[in-house]
Amino acid sequence: MLYSKEVMDHFTNPRNVGKLDNADGVGEVGNAKCGDIMKIYIKVDNGIISDVKFNTFGCASAIATSSMATEMIKGKPIEEALQLTNKAVVEALNGLPPAKIHCSVLAEEAVKAAVADYYNRNSIEYDKEIFGCNGCCGSCEAAGD
Amino acid sequence: MLRDIQDEINRIKKEKDICILAHSYQAREILEVADFTGDSFRLSVMAQKAPQKVVVMCGVRFMAETVKVLSPEKTVYLANPIAGCPMAEQMDKEMISMVKEQYPGYTVVAYINTTTDLKTVCDVCVTSSSAVKIVKKIENDKILFIPDSNLGRYVAEQVPEKTFKILQGGCPVHASVTAKEAVQAKEAHPGALLLVHPECVPEVVKLADFVGSTSEIMKFAKSSDNKEFIIGTEVSIAEHLQYECPDKKFYFLSQKLMCHNMKSTTLIDVYDCVSGRGGEEIAIDEETRLKAKKCIDEMIRLG
């Protein structure tokens, strides 16, 4: 079977879809040029991610990984959300077709971007190195202008 | 310089008996050398009727494929082979076959912006202008709509008597516009009507004075007595309308409404293609073509 039961479930019934009007952090990655746009909103209370929503327009794997990533960080301390890796998301989804693994990177980047936004809004010092991406979708070029 | 290249393209296409199709999102200089312009389905119908045996599509890949599905006897080229459609490629045949197993008894309605391969597992195609009409006419009350969730939600609102399962795909260009931008554009141009494509997110569609396909937006703007319009679809439409209606004013809803894929085809690509030095000939195996055609035939039957 090309797609796991978990991928099918999170694609056809994605969790936490939508937006948070009073989000404490918003992460947007990808762009129209590369074909996927992913936006993750987080609400933070006492250092805990109390609510999270996402809006992704992309392929089925990008949607399933966004959905799973939001489930994995909900209710977790913000530092723990930063530890989320695309590998962990793919494992939780019981695998992705090899050609689709790169889509999972977007979810990890979106979570990190939302946390970075939260840190910036609250003037919290952080190590910018941990937010480095591998440049796989080339969106950095577009974001630079 | 541009005129010289256009003259040369016109000379070669006459000599080789080639029909050039250009989607409305193409640049003005490409539209000027085209035999037919418009939306993707209109272009594929015009290609069927055209006497030429060779057709060059200036648009994106699924559009060239649709031409080939309807006109298998013709040689069809995509002027620039890198021009794809991210939305058309978001869902694959394997995935939708598995989704169908989860939703037995649903009619799978595919936006025409899908690959030929994906159409082979779908039941009916729709365009953005025919979607509501066709979905209403489908005998089944259960609709699985792919791949554009925004268009799907718009159709579902117009056809409340049916049950919809909508998957989370969409056009990353249209979906990038926010309601905040729409409000700002309306405030900046209080006398202008906001014309929006249903591929935009529902919050933007709600703010629109008119919702329609690209062709419907153009028709509305040209025939309206109003003098100012904010155009909520690909930026080239505002430019083309401004060119055609110099006495009216057209504004972009957002600069983000730029489709890089549509803009990847240049006049030189068209020149190279008609000269036999560029482009890609579209090949579809007969079994795939016939299965995908069923989906388009059903659209024509219900449309």
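Go ahead and estimate [θ] at 222 nm for the protein assembly as shown from helices alone: -39,500 (n - 2.57) per DSSP H run with n ≥ 4, summed, over the residue count, rounded to 500.
-12500 deg cm²/dmol, from helical runs alone.
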With just the Cα atoms defining each centre, how far is the range B:157-223 from the range A:69-125? Give it in Å.
31
Normalised alpha carbon radius of gyration of the protein assembly as shown [divisor 2.2 N^0.38 Å]
1.01
On a 29 Å Cα-Cα criterion, which of the cross-link pairs B:LYS186/B:LYS222; A:LYS39/B:LYS293; B:LYS74/B:LYS291; B:LYS119/B:LYS248 come out too long?
A:LYS39/B:LYS293; B:LYS119/B:LYS248
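As a footprinting exposure proxy, order A:GLU79, B:GLU139, B:GLU181, B:GLU29 by other Cβ within 10 Å, with the fewest listed first. Write out the running numbers ahead of the final one.
Numbers: A:GLU79 9, B:GLU139 6, B:GLU181 20, B:GLU29 16.
Starting with the residue having the fewest Cβ neighbours, the order is B:GLU139, A:GLU79, B:GLU29, B:GLU181.
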When Rg is the radius of gyration of the Cα atoms in the range B:93-171 and Rh is its Kirkwood radius, what does Rg/Rh come to?
0.91
Counting only trypsin sites (Lys or Arg not before Pro) that sit in a DSSP loop (anything but H, G, I, E, B) with at most 13 other Cβ atoms within 10 Å, what is the longest stretch of chain B containing none of them?
B:54-226
Residue-averaged beta-carbon neighbours from other chains (10 angstrom radius) around B:93-100:
4
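Residue separation times 0.36 nm, minus the C-alpha to C-alpha distance between B:LEU2 and B:GLU94: what's the value?
Contour length minus the Cα-Cα distance gives 28.6 nm.
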Which three extents, in whole angstrom, do the alpha-carbon atoms of chain B cover along their principal axes, largest first?
54, 52, 28
Mind putting together the pair-distance distribution for the range B:188-276? All Cα pairs, 10 Å bins, whole percent per bin, short to long.
16, 46, 24, 11, 3, 0
Quick one: dipole size for the protein assembly as shown, taken about the Cα centre, charges +1 on Lys/Arg Cβ and -1 on Asp/Glu Cβ, in debye to the nearest 20.
1060
Once the Cα gyration tensor of the range A:5-124 is found, what semi-axes does its equivalent ellipsoid get, as square roots of 5 times the eigenvalues, in whole Å, sorted largest first?
22, 15, 13
At R0 = 22 Å, how high is the FRET efficiency between B:LYS142 and B:GLU101 if r is their beta carbon distance? Nearest 0.05 is fine.
0.95
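Every number here is computed from the coordinates shown, using simple stated rules; none is lab data. Note that the structure is a prediction, hence the values are computed from the model and not measured. Cβ sites come from the backbone with ideal geometry, for glycine too, and all protein chains shown count toward neighbours.
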